[in-house]
1. Residues being assigned to a strand (DSSP E or B) and either surrounded by 12 or more Cβ atoms within 10 Å (Cβ to Cβ) or under 20 Å from the mean Cα position of the chain (by Cα) (or both): count how many of those fall in segment 84-108.
2. Could you tell me which of the residues His190, His165 is at pLDDT 90 or above and touching a Gly at 6+ places or on another chain (Cβ under 6 Å)?
3. Of everything in segment 186-200, what is of a type outside the set (Val, Ile, Thr) and either buried (at least 16 other Cβ atoms within 10 Å of the Cβ) or within 15 Å of the chain's Cα centre (by Cα) (or both)? Give them in sequence order.
4. Run down Asn193, Asn218 and say which single residue is among the polar types (S, T, N, Q), within 30 Å of Leu104 (Cα to Cα) and touching a residue at least 24 places away in the same chain (Cβ under 8 Å).
5. Could you please find all residues in segment 144-172 being loosely packed, with under 11 Cβ neighbours inside 10 Å, part of a strand (DSSP E or B) and either touching a Phe, Trp or Tyr at 6+ places or on another chain (Cβ under 8 Å) or at negative phi (or both)?
6. Based on this model, can you work out whether Val184 counts as aliphatic (A, V, I, L, M), out of contact with any Cys (no Cβ under 6 Å at 6 or more places or on another chain) and at pLDDT 95 or above?
7. For segment 116-126, check the following and say yes or no: at least one residue is modelled with pLDDT under 95 and within 29 Å of Asn103 (Cα to Cα).
8. Of the conditions (1) buried (at least 17 other Cβ atoms within 10 Å of the Cβ); (2) touching a Phe, Trp or Tyr at 6+ places or on another chain (Cβ under 7 Å), Lys183 clears all except one; give me its number.
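The values are calculated or read from the model by the stated rules, or taken from the named source; none is laboratory data. Worth saying up front: this structure is predicted, and the values here are computed from it rather than measured. Positions of Cβ are backbone-derived with ideal geometry, glycine not excepted, and every protein chain shown enters the neighbour counts.
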Amino acid sequence: MAWAFVAGAVVILALGGWAWAAGDGQGGSGPGQAPGVKGPDIKFVEEEDDEGAGKSTPKNPFGTEGNVSGRKDAVPGYVELSTGLKVPARIFTTRGKRLKIFNLKREAYEYVPVPALTKIEAVVEWERVDKEWRFKEAGNPEKVYTGRSYPARQLAWRLTLRNNHEIMGHILGQPLYAEHNGKVERFILHKRNKGAMGGELKDLLYIKGVEFGADAYNQAVDELKAKAEAAPPKAGAGAAPRGPAT
């Protein structure tokens with residue numbers, strides 16, 4: 001999983017990159033207005049496969065020629081990592097797809113469109129440091145401990161819909177895309193992940209949750225802005241530029 005987008009989040013914020021652009025259908029900020037978005041006007045939109053009909057070319061998850069800003073089903077909100085960092089963005093999944101979750105109560109798969117959701121929460125079913133074992137020799141079923149270990153974690157996911165209905169279940173490797181200002185990061189909702197040999201559980205990052213809505217988006221923006229303002233200046237940075245001499 002790539003985390004480059006997250007690593008630069010505070011820097012981007014400091015440059016004023018987190019406000020919605022005016023005219024994007026989600027609100028915006030004009031002269032003299034605080035950055036942020038207005039109340040959501042979210043519609044359930046089924047993306048049709050109107051590109052390359054009858055061709056074998058796979059569908060682009062971002063829509064036409066990688067243009068993510070045109071996704072009508074993108075929802076403002078934030079993705080929260082296990083580190084506590086909240087990443088504000090327009091959130092959507094693969095074009096023309098819904099989130100596929102195995103409902104543990106009904107023991108059946110359900111398909112949920114992203115705009116129908118208000119919240120996604122990770123529920124840790126178990127986490128531990130497992131030992132690495134290998135077969136003693138070819139053809140011998142006996143296994144021996146290699147002396148190495150690795151962190152592992154299994155997750156279930158609780159989906160809360162806009163009608164307050166909840167679904168608890170397993171999601172097997174479904175992507176969520178978080179886009180802002182044309183930059184996209186992909187996050188994977190999965191059932192189980194495994195860390196590097198010798199690693200610890202704290203090193204095994206995962207998605208803690210996703211919150212949808214304008215209020216959630218603005219909350220994440222405010223938190224990132226506060227972190228950027230509180231961060232000490234980088235070493236070697238020069239003094240603030242002075243105004244013109246009078």
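1. Adding up the residues that qualify gives 12.
2. His190
3. If the condition is that a residue be of a type outside the set (Val, Ile, Thr) and either buried (at least 16 other Cβ atoms within 10 Å of the Cβ) or within 15 Å of the chain's Cα centre (by Cα) (or both), then Arg186, Phe187, Leu189, His190, Lys191, Asn193, Gly195 are the ones that fit.
4. After applying the criteria, what remains is Asn193.
5. Answer for segment 144-172, where residues must be loosely packed, with under 11 Cβ neighbours inside 10 Å, part of a strand (DSSP E or B) and either touching a Phe, Trp or Tyr at 6+ places or on another chain (Cβ under 8 Å) or at negative phi (or both): just Tyr145.
6. no
7. no
8. Only one criterion in (1) buried (at least 17 other Cβ atoms within 10 Å of the Cβ); (2) touching a Phe, Trp or Tyr at 6+ places or on another chain (Cβ under 7 Å) is unmet by Lys183, namely (1).
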